[in-house]
Amino acid sequence: MASQNQELLQAIAKAADQYPKPAVTFTYGTAGFRTLGERLPSVIFRVGMLAVLRSQRLNGATIGVMVTASHNPEPDNGVKLVDPAGEMLEQSWETHATALANCETTQDLISAYEAIAAQMRIDISSPASVVYAYDTRPSGPGLIKALEASLSAFGDRVKIVNLGITTTPVLHYVVKATNDRSATYGKPTIEGYYEKLAAALKTLIGNRAPLAPLYVDCANGVGAVALEEFGKYVENIMTFKALNTDTKSKGALNYQCGADFVKTKQQLPPSVAEPGVLAQPDTRGASFDGDADRIVYYYLRDGKTFRLLDGDKIAVLAALFIEDLVKRARLQDAIKVGVVQTAYANGSSTKFIKERNIPVTCTATGVKHLHHAALKYDVGVYFEANGHGTVLFSAAALETLHKAKPSSPEEDKATKNLLALSELINQAVGDALSDLLLVEVILAHRAWGAAEWDAGYEDLPNRLVKVEVPDRTIFLTTDAERKLTSPLGLQKLIDEAVAKVEQGRSFVRPSGTEDCVRVYAEASTTPATDQLAAIVTDLVKHTAAAAATA
Ligand code: G16
């Protein structure tokens with residue numbers, strides 16, 4: 001055993017020598033490691049090592065590795081690990097990821113790797129299983145080579161599945177399905193996912209008329225590939241008018257398109273704003289982000305005014321619809337619906353949900369935080385305002401639905417619809433495609449267009465500003481990122497600025513995916529919001545500059 005392990009360590013060291021660490025400090029952030037793609041080969045190699053350890057620690061369960069930088073600019077890339085249930089990597093392991101990524105030499109790396117294995121009592125020669133995928137970024141194939149070099153060092157101890165170019169949520173689905181011993185979640189393949197979604201969609205649409213064609217901005221990313229493939233499975237039910245599908249031209253990814261562009265700029269992507277695209281009254285459009293795990297909707301009110309239907313609007317639509325179905329199924333005593341948001345949720349959306357006696361939890365930014373909070377509800381609807389989210393049905397809720405004894409056709413139908421929704425909605429992570437189907441199904445059931453969906457509540461005017469600072473790590477937060485604890489004194493100044501504004505709210509947090517600080521502001525009027533955002537932005541700039549020169 002000992003000599004076998006020595007041989008393995010030598011093989012890993014030899015391979016690792018090909019991927020030296022650059023002079024950069026890496027952190028496992030909101031969604032894994034993210035920075036310029038050219039800086040990442042050593043990180044990806046080491047993430048491969050950690051994926052194997054994680055799998056070994058979990059008795060050979062399959063772990064996912066996704067190479068993507070999602071909404072970030074094209075030169076960036078990133079990598080994150082997916083746990084066996086399709087969830088984000090358990091948080092305590094992020095420290096191990098950061099530790100391995102920052103080892104300066106191969107020798108340090110091997111020592112750190114052995115230390116983690118010893119601490120976790122992992123036999124490094126035991127079997128492991130890893131499935132991986134990547135998006136359409138130009139740096140993807142090179143980084144995948146680094147991952148493969150790492151995994152190959154383990155020889156046939158590690159079972160490897162390469163899903164190729166696909167979306168983040170598909171990878172999460174495949175991980176979950178692969179580890180599902182009951183084999184009820186679905187076939188562990190890309191096709192298996194599309195079949196599952198299409199079958200659930202067919203059940204939910206029933207004999208209703210086909211859905212209206214939908215414009216989908218694919219951010220010139222991998223969502224374009226997924227949409228084209230998936231479209232073939234649902235041809236008789238719905239058609240997609242795909243826009244921004246150029247995954248080949250340099251610089252096109254996420255450029256003036258995509259969910260992040262729309263949400264941040266609060267405007268249509270130029271290609272969607274072209275005359276004729278959303279011209280028909282009530283035509284809806286939707287934007288994916290670069291790896292198709294977020295979606296926002298929009299339409300032109302009266303054919304003119306841009307109206308955003310973001311993650312908050314989707315959460316409200318979904319929560320009220322599901323709550324309605326639960327009542328129709330007469331299961332309201334057994335199944336409680338709750339909503340999870342972050343500080344970015346528009347104040348009006350939170351108020352609207354609470355007024356309907358639906359509990360709301362606020363967590364820090366990052367799917368990993370929302371997901372865990374949502375698991376505490378029987379049905380947990382979680383969405384970030386930026387369009388990241390899904391709906392989780394607990395095992396208990398599913399059992400209640402499966403065992404229900406409906407006493408009327410209406411109860412029976414509502415129960416079946418809830419079960420079909422649990423199939424339609426990605427239970428591992430938010431998926432732009434699955435969320436799109438959820439929205440379309442709800443609108444079809446309600447016989448609503450975008451205007452009726454939008455009518456529920458009016459967003460408070462809001463602004464999101466990216467501020468580049470010399471060192472974002474000096475910004476530390478508490479209270480689900482709603483308050484700063486550092487730099488000292490800054491929060492007091494923000495509070496004073498907020499107190500002067502009607503319905504004012506503002507917070508500052510360091511981004512976990514980009515080298516910037518984010519400022520959010522909302523207030524009762526647009527001028528007041530813009531002014532508040534400008535004041536807080538200035539406060540951040542001055543404080544950061546002062547700290548840099550101190
Ligand atoms: C990632 C995370 C999201 C988060 C977003 C922005 O999204 O998965 O939960 O909202 O980054 O995070 P931050 O404000 O920390 O930069 P994506 O779509 O880029 O994977």
Inset, instruction - Compare the peptides 516-529, 67-80 by average per-residue count of other Cβ atoms within 10 angstrom and give them in order, highest first. - result: 67-80, 516-529
Inset, instruction - Can you work out the accessible area per residue across the range 154-238, with the rest of the protein chains kept in place, probe 1.4 Å, in square angstrom? - result: 43 Å²
Inset, instruction - Return the percentage of antiparallel bridges among DSSP beta bridges fully within the chain, rounded to the nearest 5 %. - result: 60 percent
Inset, instruction - Whenever you get a sec, compute what percent of the accessible area on the range 243-335 sits on carbon and sulfur atoms (1.4 Å probe). - result: 46 percent
Legend entry - Mean projected area (nm²) of the alpha-carbon convex hull when the chain is viewed from all directions: 25.5 nm²
Inset, instruction - Give the accessible area for Trp448 in Å² (nearest 10); use a 1.4 Å probe, count only protein heavy atoms, and leave out ligands, DNA and RNA. - result: 90 Å²
Legend entry - Solvent-accessible surface (1.4 angstrom probe) belonging to Lys403, in square angstrom, nearest 10: 130 Å²
Inset, instruction - Assign unit charges at the C-beta atoms only (+1 for Lys and Arg, -1 for Asp and Glu), then state the dipole size of the range 429-492 relative to its Cα centre in Debye, rounded to the nearest 20. - result: 420 debye
Inset, instruction - Between the alpha-carbon centers of the range 282-342 and the range 514-535, tell me the distance in whole angstrom. - result: 24 Å
Inset, instruction - Just the number, please: carbon plus sulfur as a percent of the accessible area of the range 65-186, 1.4 Å probe, no ligands or DNA/RNA counted. - result: 53 percent
Legend entry - Inter-label distance, nm, simple model (7 Å from Cα along the C-beta direction), Ala212/Lys541: 4.3 nm
Legend entry - Evaluated at q = 0.09, 0.10, 0.18 Å⁻¹: base-10 log I(q)/I(0), Debye formula over Cα of the range 402-550: -0.49, -0.57, -1.01
Legend entry - Sum of side-chain charges, Gly64 neighbourhood, beta-carbon under 12 Å (Lys, Arg +1; Asp, Glu -1): +1
Inset, instruction - Roll a 1.4 Å probe over the protein chains and send me the accessible area per residue for the range 272-327 in Å². - result: 31 Å²
Inset, instruction - Using a 1.4 Å probe and counting only protein heavy atoms, arrange Arg307, Arg509 so the residue with the most accessible area comes first. - result: Arg307, Arg509
Inset, instruction - Using a cut-off of 14 Å between beta-carbons, work out the net charge of the residues near Pro406 (Lys and Arg +1, Asp and Glu -1, Pro406 not included). - result: +4
Inset, instruction - Whenever you get a sec, compute what percent of the accessible area on the range 438-550 sits on carbon and sulfur atoms (1.4 Å probe). - result: 55 percent
Inset, instruction - Anything in the chain that counts as a DSSP H helix reaching 30 Å or more along its axis (C-alpha) with Kyte-Doolittle mean of at least -1.0? List them, would you? - result: 526-549
Legend entry - Spatial separation of Cα centroids for the range 1-22 and the range 448-465, in angstrom: 55 Å
Inset, instruction - Kindly rank 22-32, 181-191 from highest to lowest mean number of other beta carbons found within 10 Å of each residue. - result: 22-32, 181-191
Inset, instruction - Can you work out the accessible area per residue across the range 1-127, with the rest of the protein chains kept in place, probe 1.4 Å, in square angstrom? - result: 40 Å²
Inset, instruction - Between beta-carbons, use under 13 Å as the cut-off and find the net charge around Ala11, counting Lys and Arg +1, Asp and Glu -1. - result: -1
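The values are calculated or read from the model by the stated rules, or taken from the named source; none is laboratory data. Worth saying up front: this structure is predicted, and the values here are computed from it rather than measured. Ideal geometry is used to build each Cβ from the backbone, glycine not excepted, and the neighbour counts take in all protein chains shown. To get the accessible areas, we keep the full protein, side chains included, count just its heavy atoms, and leave off ligands, DNA and RNA. Shrake-Rupley method; radii C 1.70, N 1.55, O 1.52, S 1.80 Å.
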